[in-house]
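Undergrad: Sharing a structure with you now.
The values are calculated or read from the model by the stated rules, or taken from the named source; none is laboratory data. Just so you know, these numbers come straight off a predicted model, no measurement behind them. In this analysis, Cβ positions are derived from the backbone assuming ideal geometry, glycine residues included, and neighbour counts consider all displayed protein chains.
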Amino acid sequence: MNRIRMATMMAASAAVALAAACSAPAPGLVKADGVERVSVDGTAYAAEFRAFRDSALGLGQALLADGGDGAGGNVVSSPGSLLVALAMLRAGAAGEAAAELDSVVGFPAEKRDEAMNALLASLATFDGDPGAVDEDNPPRQPVMHAANGLFVDKDVPTGEAFLGTLARHYGTGVYPVDFSDEGATKPAIDAWVDSNTGGRVKQAPAKYNPRNTFSLLNALYFAAAWQTPFDPSDTSDMPFTTGGEEEIDVPAMHNLLEMKYAEGTRWRAVDLPYAEGFVMRLVLPEATDSDASFRAPELTEIADAMDTAPLETVQIQLPRWDHKCSFDLRQVLEAAGLHKTLTTTEDFNAIQARMTITQAAQAANITVAEKGTVAAAVTQINGMVTGAPPQPEHTIDFDRPFHYQIVHVETGLPLFMGTVADPRS
């Protein structure tokens, strides 16, 4: 029985906390009946966390190589958001698509969902309401809000095992909606996006398609003050050579402080600390004419070096920036090698029978200034059911007297045998 049964699922007691401005009724959250989120110990998943880190670095390199619609070489992306979205998709994948996702993305061979549960639980230590953040004064206690949302067509069965995994390891369920009713469903999805990004992303990144039957979203919101803020009075125009080798003047912040520092054959890097729990890793290419692109192995090398880098006194000059970017993720994932995943009509049957991926998109933005950083991203993966339902090869209606047996399969022994002539008595 692989379907949402409203009678055996439990709806949330209140409507989803969507943006107050949204006039569309909020769909209720439906979870697998009786399935609670598993509490996990993050210390047991060190190897899986490293695999996730390396996977995210690879996804980040793919996003930066694509460039999205960033202007002038400015790109901001969220490999972390994409990783979580793909992990949720992988939870409902089978066959070639599952093998391809494991191979291309680099998911751990075992305990993938358990480890992702632990990772999300670790981030939840810093959870907060994005809408309550004063972005002009980023908080000393960082806000790292992660949210998963799945909108499914209310008339299309969704696999119970998939729902169970979502509830057990991702702490979520699904929102049953009518995708053909764009006037109600699009505002509901957009309100979810707006609410979970503090208004920094107003709409879901993929163009609305009323033929979709499945929309998976991950939102990340981050706001934090620097451990040591930059003094605004020390911000001044300084020269900056652009990717096009044009020299311009931009407002640059200055500070002298202790932070992790390391260098490699063609890079130098620092970890600029926020007040708690997070750092901004800044990597400067050695070559002055570099476009600051690094291959995934180099990004892993840098991450490994920064893990053990000592604290050193560093004079830093850093420009302010405020960028946004969006991506056609089908293009990114196709280039990465996820061909079967993007075309199969069979391997996501655990989510919805005959589902295929129709769209994938991401929107991201970031603001970096003297007091700290605010950033948000939304990743969206949409799918639709293809073709007509499979037709039975035979039909048999037990609408007259019939014989029955209860048979032990291994031995063939009929444990019980009988006939039904009148089911009423």
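Undergrad: Being more than 30 Å from Ala303 (Cα to Cα), more than 20 Å from the chain's Cα centre (by Cα) and at pLDDT below 75: is that true of Ala20 here?
TA: Against the criterion (more than 30 Å from Ala303 (Cα to Cα), more than 20 Å from the chain's Cα centre (by Cα) and at pLDDT below 75), Ala20 qualifies.
Undergrad: Could you tell me whether any residue of segment 114-130 is in contact with a Ser or Thr (Cβ under 6 Å, 6 or more places away or on another chain), more than 13 Å from His145 (Cα to Cα), buried (at least 16 other Cβ atoms within 10 Å of the Cβ) and in the same structural domain as Ile366 (by TED's automatic domain parsing)?
TA: So far as segment 114-130 goes, no, none of its residues is in contact with a Ser or Thr (Cβ under 6 Å, 6 or more places away or on another chain), more than 13 Å from His145 (Cα to Cα), buried (at least 16 other Cβ atoms within 10 Å of the Cβ) and in the same structural domain as Ile366 (by TED's automatic domain parsing).
Undergrad: Considering segment 349-368 alone, what residues qualify as being outside any strand (DSSP E or B) and without any contact (Cβ under 8 Å) to a residue 60 or more places away in the chain?
TA: Arg354
Let's see how each residue does on (1) in a helix (DSSP H, G or I); (2) at pLDDT below 90:
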| residue | (1), (2) |
| --- | --- |
| Thr288 | no, yes |
| Ser293 | no, yes |
| Thr300 | yes, no |
| Ala305 | yes, no |
| Glu312 | no, no |
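Undergrad: If Ala188 satisfies every condition in (1) modelled with pLDDT under 95; (2) part of a helix (DSSP H, G or I) but one, which is the exception?
TA: It fails just one condition, (1).
Undergrad: From the set of residues in segment 284-302 that are of a type in the set (A, V, I, L, M, F, W, C) and surrounded by fewer than 17 Cβ atoms within 10 Å (Cβ to Cβ), which is nearest to Leu63 (Cα to Cα)?
TA: Ala292
Undergrad: Let me ask another. Exactly one condition in (1) surrounded by 20 or more Cβ atoms within 10 Å (Cβ to Cβ); (2) over 17 Å from the mean Cα position of the chain (by Cα) is not met by Lys111; state its number.
TA: (1)
Undergrad: Could you say whether any residue in segment 158-176 is closer than 16 Å to Ser78 by Cβ and touching a Phe, Trp or Tyr at 6+ places or on another chain (Cβ under 8 Å)?
TA: no
Undergrad: With respect to Leu342, determine if the residue is without any contact (Cβ under 8 Å) to a residue 60 or more places away in the chain, more than 30 Å from Asp234 (Cα to Cα) and in a helix (DSSP H, G or I).
TA: Yes, satisfied.
Undergrad: What's the total number of residues in segment 215-230 that are assigned to a strand (DSSP E or B), of a type in the set (A, V, I, L, M, F, W, C) and more than 12 Å from Pro139 (Cβ to Cβ)?
TA: Final tally of qualifying residues: 4.
Undergrad: Which of (1) under 24 Å from Ser293 (Cβ atoms); (2) among the hydrophobic types (A, V, I, L, M, F, W, C); (3) surrounded by 13 or more Cβ atoms within 10 Å (Cβ to Cβ) does Ile248 not meet, given it meets every other one?
TA: All conditions pass for Ile248, except number (3).
Undergrad: For segment 189-200, check the following and say yes or no: at least one residue is surrounded by fewer than 21 Cβ atoms within 10 Å (Cβ to Cβ), in contact with a strand residue (DSSP E or B) (Cβ under 8 Å, 6 or more places away or on another chain) and not assigned by TED's automatic domain parsing to the domain that holds Asp271.
TA: no
Undergrad: Then there's this: Within segment 213-233, can one find any residue that is more than 30 Å from Gly131 (Cα to Cα) and either crowded, with 20+ Cβ neighbours inside 10 Å or within 26 Å of the chain's Cα centre (by Cα) (or both)?
TA: no
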